[in-house]
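The values are calculated or read from the model by the stated rules, or taken from the named source; none is laboratory data. Owing to the predicted nature of the structure, the values given are computational and were not obtained by experimental measurement. Cβ placement follows ideal geometry from the backbone for every residue including glycine, while neighbour counts extend to all protein chains displayed.
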Amino acid sequence: MLDAAKNSGELKPYIGNRAVQWGRIDATAGSVVPMSRADQQRYRLRSGDLLVCEGGEVGRAAIWRDQLPECYYQKALHRLRPRSGYDVRLMQALLDYWASIDGFCDYVTQTSIAHLPREKFVSIPLPMPSPEEQRRIGDVLDDADDAIAALDRLIAKKQAIKQGLMQQLLTGRTRLPGFSGSWTDVKLGDYVTYIKAVALSRAQLDLSSPLRYLHYGDIHTRDAVRLDASQEPMPRAATALAGRAGRLQRGDLVFADASEDPDGVGKSVEITSVPPEGVVPGLHTIAARFDRSVFADGFKAYLQFIPMFREQLLRLAAGTKVLATTRTYISSVTLPLPGVEEQRAIATVLRDAEDEIEKLGARLTKAKALKAGMMQQLLTCRVRLPAEVAS
């Protein structure tokens, strides 16, 4: 336990609950604490130890693989070491599966958050396949994990590449082939009109009215910078409540006007299509319609990633409790921008990068679903792996 009054001895690295994620350990999330010789002997981690979260997301587990040459664990974790050769990979898979089917509900104690105390944990019935079957199950699930991890790494790499492209292309540091002319300083307020929004709470929205409603919360929680309002699921609003709002059109850029986090300042989506029933800008949004002769469709979605744009909005919002974006702030921003044709070319490059990441994300989702199905079959004995035949 971390206790400044009681902890004494040498400073040693340790990890706690936060460092243990499903199937992986983030050793950078640890810290150091003074530890006595006795505590060092008792709490030192060994390769193959299974660390399991005792509270919060009960059962979340990962295997320690000597991510650090020396490390210890904190009391919010259970440390499991296999007896009689039990395959620790199978134990980790069982915990993952049990968590997915609420299998801990009869074993947790509940106060403010759920806890899985040791005395309850050790009472959970544990399947006992033969050592050979344990190994085969572990190998199959390892292969599935390797495929998932490879996709995770590839997505991270592609996201880093896209981030680099934005830093270069949106600032003019790098120009696409065929473009060399100087950029022009543009004051946004000279080329924008605003569409009237209507402020409705979530309680006033429904799922059946024909009129789509764009709530600022749905801008903050999405990763995509474009919104196909004719295809994506959206909250709905009765015409009697939202009829006075302006209707969004393809190419409109809709900002969330408030954020508690600096990263959310300037967050926006560009509308790529609208249904015949219409879409209206909603609570805490600013809907901007820019002159297409100055701002290309597709490029406007990336204004939020131009450093100079965000810096000006952040400077104007400084000192407010909730970081605000207003029409006046947006209109006051001046940016160097390329011509419309270069904007279109930049948007195409960035959109292609996003499409590639989206396809990889779909593959990752499929790989995770495949692993979940394998776990359901293998860990319940619905499917048994064939024994290896000796050559």
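Would it be correct to say that Arg351 is surrounded by fewer than 19 Cβ atoms within 10 Å (Cβ to Cβ) and not assigned by TED's automatic domain parsing to the domain that holds Asp263? Taking the combined requirement at face value, the residue satisfies it. I'd like to know if region 251-262 contains one or more residues that are among the acidic types (Asp, Glu), at pLDDT 95 or above, closer than 24 Å to Gly189 by Cβ and crowded, with 18+ Cβ neighbours inside 10 Å. Yes: region 251-262 contains one or more residues that are among the acidic types (Asp, Glu), at pLDDT 95 or above, closer than 24 Å to Gly189 by Cβ and crowded, with 18+ Cβ neighbours inside 10 Å. Is region 356-375 home to any residue that is under 21 Å from Ala258 (Cβ atoms) and under 26 Å from the mean Cα position of the chain (by Cα)? Looking for residues that are under 21 Å from Ala258 (Cβ atoms) and under 26 Å from the mean Cα position of the chain (by Cα), one finds none in region 356-375, hence no. For region 1-17, taking the residues that are surrounded by 14 or more Cβ atoms within 10 Å (Cβ to Cβ) and modelled with pLDDT of 90 or more, the one that is farthest from the chain's Cα centre (by Cα) is identified as Lys12.
Look at region 69-85: where a residue is surrounded by fewer than 17 Cβ atoms within 10 Å (Cβ to Cβ) and a partner is in a loop (DSSP other than H, G, I, E, B) and of a type in the set (A, V, I, L, M), sitting 6+ places away or on another chain with Cβ atoms under 7 Å, you get Lys75/Met1. Report yes if Asp39 is assigned to a helix (DSSP H, G or I), in the same structural domain as Thr28 (by TED's automatic domain parsing), closer than 29 Å to Gly9 by Cβ and in contact with a strand residue (DSSP E or B) (Cβ under 8 Å, 6 or more places away or on another chain), otherwise no. It is true that Asp39 is assigned to a helix (DSSP H, G or I), in the same structural domain as Thr28 (by TED's automatic domain parsing), closer than 29 Å to Gly9 by Cβ and in contact with a strand residue (DSSP E or B) (Cβ under 8 Å, 6 or more places away or on another chain). Against the list (1) in contact with a Gly (Cβ under 8 Å, 6 or more places away or on another chain); (2) over 17 Å from Ala197 (Cα atoms); (3) of a type in the set (Asp, Glu), the condition Asp263 fails is (1).
Give just the number: which of (1) crowded, with 18+ Cβ neighbours inside 10 Å; (2) under 26 Å from Leu323 (Cα atoms); (3) modelled with pLDDT of 95 or more does Ala237 not satisfy? All conditions are met except number (2).
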